[in-house]
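Written out below as structure tokens is the structure these notes cover.
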């Protein structure tokens with residue numbers, strides 16, 4: 001007599017899914033490879049089981065990028081959101097480009113003006129020229145070029161002043177490069193955000209009109225918050241752009257002031273050297289009178 005068949009075991013084995021080679025797919029549930037009827041999902045080209053979990057996780061760089069919270073919100077804002085995102089990226093590139101340019105030109109190291117004034121007041125033009133030659137600041141380059149100009153009389157000083165001022169304007173124009181882009185981003189981004197909001201509100205009210213009396217409040221509220229999203233993104237882009245633009249203008253204004261001080265010292269270096277002995281003699285006379 002044959003052994004009785006375990007009906008529960010038979011039913012369990014019958015219900016167990018098999019792979020394409022006949023082996024039971026014990027981990028099919030863990031990997032998520034089952035169809036709706038409990039069978040294994042098989043690739044028709046290769047005949048191998050399809051790992052849906054792995055395919056979901058390897059969706060590519062673009063899918064993982066769009067899954068980021070910031071990119072997701074930009075994508076929800078539509079075309080205007082992507083334009084604002086591109087403007088934000090351009091603004092960051094311009095800011096870091098200008099920051100590196102400022103550091104390379106040494107615009108933050110402007111503490112040499114007092115030393116130059118001290119050397120020129122003592123009549124030591126060689127030390128003043130060496131000091132300017134070892135500085136990367138734009139004012140140092142302008143001052144060093146002015147040290148080679150003659151300032152013996154009033155006409156020479158006027159001609160030297162005009163030439164130094166022309167060179168200083170070129171330096172300032174070079175430092176101002178890129179600020180117009182930052183200014184345009186700061187001005188246009190809130191306007192684009194407002195444009196996206198208006199377009200979104202128009203679309204939301206068109207949906208209300210199409211729904212007639214069957215208005216779903218969730219549809220209306222969803223359209224409104226998506227419309228307001230572009231305004232929020234525009235403000236997020238505009239506020240840092242405005243702050244960066246104002247900061248860079250302040251840095252360039254300080255550079256221009258330092259240039260003006262150095263140019264004044266260089267053009268009037270002869271008078272500074274002549275007034276120094278007079279001040280020393282006046283101080284000596286006052287001391288003798290006090291004794």
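The values are calculated or read from the model by the stated rules, or taken from the named source; none is laboratory data. Fair warning: this is a prediction, and the values are worked out from it, not measured in the lab. Here the Cβ is made from the backbone with ideal geometry for all residues, glycine too, and neighbour counts use every protein chain on show.
Quick one: would you say residue 171 is more than 30 Å from residue 90 (Cβ to Cβ) and outside any loop (DSSP other than H, G, I, E, B)?
On the way: more than 30 Å from residue 90 (Cβ to Cβ): no; outside any loop (DSSP other than H, G, I, E, B): yes.
Judged against the criteria, residue 171 is not a match.
Within the group 146, 196, which residue is at pLDDT below 90, closer than 24 Å to residue 242 by Cβ and either out of contact with any strand residue (DSSP E or B) (no Cβ under 6 Å at 6 or more places or on another chain) or in the same structural domain as residue 80 (by TED's automatic domain parsing) (or both)?
Working: 146 fails: closer than 24 Å to residue 242 by Cβ.
That would be 196, the only listed residue that is at pLDDT below 90, closer than 24 Å to residue 242 by Cβ and either out of contact with any strand residue (DSSP E or B) (no Cβ under 6 Å at 6 or more places or on another chain) or in the same structural domain as residue 80 (by TED's automatic domain parsing) (or both).
What number of residues within the stretch 150-162 satisfy the criterion of being closer than 18 Å to residue 138 by Cα and either surrounded by 14 or more Cβ atoms within 10 Å (Cβ to Cβ) or modelled with pLDDT under 85 (or both)? Full working, then the answer.
So the first thing to find is which residues in the stretch 150-162 are closer than 18 Å to residue 138 by Cα, and the list is 160-162.
Now drop any that are not either surrounded by 14 or more Cβ atoms within 10 Å (Cβ to Cβ) or modelled with pLDDT under 85 (or both), which leaves 160-161.
Residues meeting the conditions: 2.
Of the residues 186, 129, which single one is within 30 Å of residue 94 (Cα to Cα), modelled with pLDDT of 85 or more and touching a helix residue (DSSP H, G or I) at 6+ places or on another chain (Cβ under 7 Å)? Outline the logic, then answer.
On the way: 129 fails: within 30 Å of residue 94 (Cα to Cα).
Residue meeting the stated conditions: 186.
Give the residues of the stretch 76-123 that are surrounded by 14 or more Cβ atoms within 10 Å (Cβ to Cβ) and assigned to a loop (DSSP other than H, G, I, E, B), sorted by residue number.
77, 78, 106, 107, 110, 112, 122, 123
So, residue 201, is that one closer than 24 Å to residue 98 by Cβ, in contact (Cβ under 8 Å) with a residue 24 or more places away in the chain and either assigned by TED's automatic domain parsing to the domain that holds residue 82 or exposed (fewer than 15 other Cβ atoms within 10 Å of the Cβ) (or both) or not? Break it down stepwise before answering.
Details: closer than 24 Å to residue 98 by Cβ: no; in contact (Cβ under 8 Å) with a residue 24 or more places away in the chain: yes; either assigned by TED's automatic domain parsing to the domain that holds residue 82 or exposed (fewer than 15 other Cβ atoms within 10 Å of the Cβ) (or both): yes.
Taking the combined requirement at face value, the residue does not satisfy it.
Is it the case that some residue within the stretch 163-178 is surrounded by fewer than 15 Cβ atoms within 10 Å (Cβ to Cβ) and closer than 27 Å to residue 83 by Cβ?
Checked against the condition, which is being surrounded by fewer than 15 Cβ atoms within 10 Å (Cβ to Cβ) and closer than 27 Å to residue 83 by Cβ, the stretch 163-178 yields at least one hit.
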